[in-house]
1. Taking segment 174-218 as the search range and keeping residues that are open to solvent by 10 Å² or more (accessible area, probe 1.4 Å) and of a type in the set (G, A, S), which one is farthest from A332 (Cα to Cα)?
2. If the Cβ limit is 6 Å and pairs must be 6+ apart or interchain, which residue in segment 167-185 that is in contact (Cβ under 8 Å) with a residue 24 or more places away in the chain and more than 14 Å from I196 (Cα to Cα) pairs with which residue that is among the aliphatic types (A, V, I, L, M) and crowded, with 24+ Cβ neighbours inside 10 Å?
3. Report yes if L284 is farther than 13 Å from F424 by Cβ, part of a loop (DSSP other than H, G, I, E, B) and modelled with pLDDT of 95 or more, otherwise no.
4. Suppose we filter Y49, Y12, Y33 for residues that are farther than 30 Å from Y294 by Cβ, in contact with a helix residue (DSSP H, G or I) (Cβ under 8 Å, 6 or more places away or on another chain) and among the aromatic types (F, W, Y); which single one remains?
5. Which one of these does F270 not meet: (1) under 21 Å from Y348 (Cα atoms); (2) open to solvent by 70 Å² or more (accessible area, probe 1.4 Å); (3) within 23 Å of the chain's Cα centre (by Cα)?
6. Hey, could you check segment 404-460 for residues that are of a type in the set (S, T, Y) and surrounded by fewer than 17 Cβ atoms within 10 Å (Cβ to Cβ) and say which is nearest to S309 (Cα to Cα)?
7. Considering only segment 408-435, state which residues are at pLDDT 95 or above, farther than 12 Å from S292 by Cα and either of a type in the set (G, A, S) or in contact with a strand residue (DSSP E or B) (Cβ under 7 Å, 6 or more places away or on another chain) (or both).
8. Checking K59 against (1) in contact with a Leu (Cβ under 7 Å, 6 or more places away or on another chain); (2) open to solvent by 50 Å² or more (accessible area, probe 1.4 Å), which test does it fail?
Amino acid sequence: MKRFAQSKAFPYIAAFGLPFFICVIICIGNGVYPFGDNCILHIDMYHQYCPFFTEFLNKLQSGGSLQYSWNLGLGSDFVSLYAYYLASPLNFLILLCPKSHVIEFMTLLIILKISASGLTFFLYIRHHYKLVGKDGRMHKNQVIPAIVFSTAYALSGFVAAYSWDIMWMDCIALFPLIMIGLERLVQEKKAGLYYITLALCIFCNYYISIMICIFLVFAFVLLFFSQKKGKGGAVLRFGWYSLLAGASSAILLLPEIAVLSVSGSAEGGFPKTAEFYFNILAELGRGAAVTSVYTGNDHWPNLYAGAFSLFLVWIYVLNRRISWKEKVPRIAMLAFFLVSFAENQLDYIWHGMHFPQALPGRQSFLYSFVLLSMGFAAVRKRKGTKIWHIAVAAIVSMMLLLLSGWYGDETVTEPVSLVITALFICVYAVTFVLTKITGKKKRLAFAQFAVFVAVAELAINM
């Protein structure tokens with residue numbers, strides 16, 4: 001076991017395996033078949049996705065046309081349905097599944113996509129922070145924190161709320177790879193990974209890809225200004241390969257556009273006046289642990305990414321080893337996201353020039369991505385953190401939780417969840433202090449304790 005833990009493969013297997021293990025335990029605890037008589041069919045999964053997958057299996061087995069179906073409603077165009085719900089290449093694995101086990105196939109597919117999200121975020125951290133040494137191994141003291149943060153991305157509030165939207169989850173898993181590809185495109189002039197992953201993302205689900213493409217513009221601007229050479233070439237490469245990725249999915253995008261242009265989704269227009277749905281301080285409470293997921297029409301986003309991320313973001317701000325050139329645009333991006341969730345015009349733009357019917361804040365996985373990236377940077381540069389930084393971070397986090405409870409809606413963000421989150425933050429703050437003032441052996445023990453608490457928190461919340 002010790003030899004396996006020291007192998008090159010261990011970090012990657014753990015980044016995939018930990019979310020997988022947690023999801024399986026949750027299924028066992030809730031009696032999901034084959035561990036009981038329950039299943040995960042939820043909201044649209046019940047009356048849309050499961051019938052769509054079943055019809056897809058019927059067509060693959062019988063050789064039926066993928067253009068139209070007489071078995072859905074009174075007859076339905078199947079191309080646009082396929083483009084939105086079924087385009088993931090993984091769905092062809094349903095051919096290995098008996099028709100009586102379509103629900104179980106969907107369950108396993110969701111768990112695999114959640115686990116893959118953990119692995120891809122881990123790969124992003126490894127690449128972005130250059131955690132691999134000359135021997136091809138990751139720096140030992142970075143492996144476990146990277147696994148914790150990748151698990152937080154895989155089990156974020158977005159995933160807890162929307163993982164049953166099985167067609168979205170491919171994009172959540174692909175997004176960190178797209179970001180690696182973008183960095184290689186700009187910094188190393190290598191376009192392959194960016195083009196392939198973005199094209200696949202758009203092909204799998206064009207809707208979530210709209211949000212990813214908006215974010216990529218901001219990410220590119222940040223990379224552009226951090227580049228010292230070749231800025232003009234970077235602009236050309238970014239524009240060309242982004243367009244090429246979209247064009248590669250035109251076989252599905254064009255018929256989908258034709259269908260949407262005559263549907264209810266095409267109605268309405270850009271809101272003429274700006275309006276805030278809720279107080280932004282109240283919105284911060286949606287990042288609390290064990291608060292109920294929100295899927296209603298009042299626009300509250302699901303912002304959870306670990307209570308430790310709410311604490312570490314302030315450590316990140318105060319850390320002297322992290323330059324302000326790096327801090328300012330990322331802090332601004334978090335602030336912009338928080339405003340976007342609350343303001344109607346930005347909300348309209350993020351959702352593809354459309355107000356979603358329930359399931360609000362569908363871009364919240366991008367917020368979690370930025371927040372967790374900042375949190376990992378704070379842990380990685382922990383030597384730049386002073387004791388007073390930890391105290392200030394804990395106090396500010398607590399104050400914001402208190403204010404979010406004061407201005408918030410108890411039916412949306414439960415007061416007990418704010419209390420539990422505050423307790424978690426206290427544990428992380430005290431542990432952080434102890435790792436700064438104790439000897440090497442005790443420091444390692446306290447760090448291991450913090451990891452255990454963080455993983456337990458993520459599992460309990462999920």
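The values are calculated or read from the model by the stated rules, or taken from the named source; none is laboratory data. None of these values were measured; they are calculated from a predicted model. Cβ placement follows ideal geometry from the backbone for every residue including glycine, while neighbour counts extend to all protein chains displayed. Note: accessible area is taken over every heavy atom of the protein model, side chains too, but ligands, DNA and RNA are not part of it. Shrake-Rupley method; radii C 1.70, N 1.55, O 1.52, S 1.80 Å.
1. So the residue we want is G192.
2. Partner pairs satisfying both residue conditions: W168/I208.
3. No, not satisfied.
4. Y12
5. Failed condition: (3).
6. So the residue we want is Y407.
7. A422, A429
8. (2)
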